[in-house]
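FYI, it's all coordinate maths here, none of it is from the lab. Bear in mind that the values here come from a model prediction, so they are computed numbers and not experimental data. Reconstructed Cβ throughout: ideal geometry from the backbone, glycine too, with neighbour counts over all protein chains shown.
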Amino acid sequence: MEFFECVEKRYSCRSYQDRPVEEEKLERIMEAARLAPSAANRQEWRFITVTDAEKRRRLAEIANNQSFLAEAPVVIAACAAGGEHVMTCGQRSYPIDVAIALEHVALAAADLGLGTCWIGAFKEGPAKELLGVPGEARIVQLMPLGYPADSPRPKTRLHLDEIWMREEWR
Ligand SMILES: Cc1cc2nc3c(=O)[nH]c(=O)nc-3n(C[C@H](O)[C@H](O)[C@H](O)COP(=O)(O)O)c2cc1C
């Protein structure tokens, strides 16, 4: 799929078919995550793919009962290994690095005909306990992955001239 078509095709999928994700597709998607850029090439991201039905049900509960997490055959927990590295610009690198890699996941999935949805509405403590994530590590986001059972909606976005300034903030 052409890149811009893939960007347009990705949407937040909130309903999934009862159909497993092929291992080859999962491997290609995780390879897309691995190739993402990161601050000083720290690669602090770690990913847990959850297929166990009971764990997915618990993750859905932990994520404000967003039941489509249990529906999806795979839920990815996008984690950071730890480290409080702060860049010169003052931003912590790990949430940015994990987010870049996770968007690679979302775009690669779209390219392969799979749906995803970013999930920030979850309680990190119980999710860490469920998945055995150690104290210093963080779960940055969750992401269900599977064949869509819904359809994309039209994108609601600000116009380009509302977000794009030239030369200075206006
Ligand atoms: C960091 C982040 C967290 C999000 N958390 C959730 C969530 O917990 N539940 C949900 O249904 N959608 C969540 N979304 C999806 C957004 O609502 C969605 O991306 C936005 O409305 C634009 O729609 P689209 O993804 O279909 O283009 C999240 C998106 C991002 C980027």
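Structure remark: mean-square fluctuation, Gaussian network model of the chain, C-alpha springs under 10 Å; the largest value among Ser93, Ser151, Ser15 belongs to Ser151. Straight-line cross-link reach from Lys155 at under 18 Å between alpha-carbon atoms covers these lysines, not counting any fewer than eight positions away in the same chain: Lys9. Under a model in which nothing but the beta-carbon of Lys, Arg (+1) and Asp, Glu (-1) is charged, the chain shows a dipole of about 360 debye around its Cα centre. Computed packing ranks the peptides 57-66, 71-80, 99-108 as 71-80, 99-108, 57-66, most packed first, by mean other Cβ atoms within 10 Å.
Averaging 1/r over each pair of different alpha-carbon atoms in the chain and inverting the result gives 17.0 Å, the Kirkwood hydrodynamic radius.
Helices assigned as whole DSSP H runs in the chain whose Cα atoms extend at least 18 Å along their own long axis and whose mean Kyte-Doolittle hydropathy is 0.5 or higher are found at 93-111.
Each of Pro126, Ser151, Ile76 was scored by the projection of its Cα onto the charge dipole of the chain, and the greatest displacement toward the positive side belongs to Pro126; charges sit on the C-beta of Lys, Arg, Asp and Glu. Near Cys117, the amide H atoms lying under 5 Å from its own belong to Cys13; only residues 5 or more places off or on other chains count, and H is placed 1.01 Å from N.
Taking label positions 7 Å along the Cα-Cβ direction at both Ala149 and Ile48, the computed distance is 2.5 nm, reported to one decimal.
Taking amide H atoms as placed 1.01 Å from N in the peptide plane, the amide H of Arg46 lies under 5 Å from those of Cys79, Ala80, Ala81, each 5 or more residues away in sequence or on another chain. Per residue, the convex hull spanned by the Cα atoms of the range 72-170 measures out at 157 cubic angstrom. Each Cα pair under 8 Å and six or more residues apart adds its separation to the average, and for the range 9-148 the resulting relative contact order is 37 percent.
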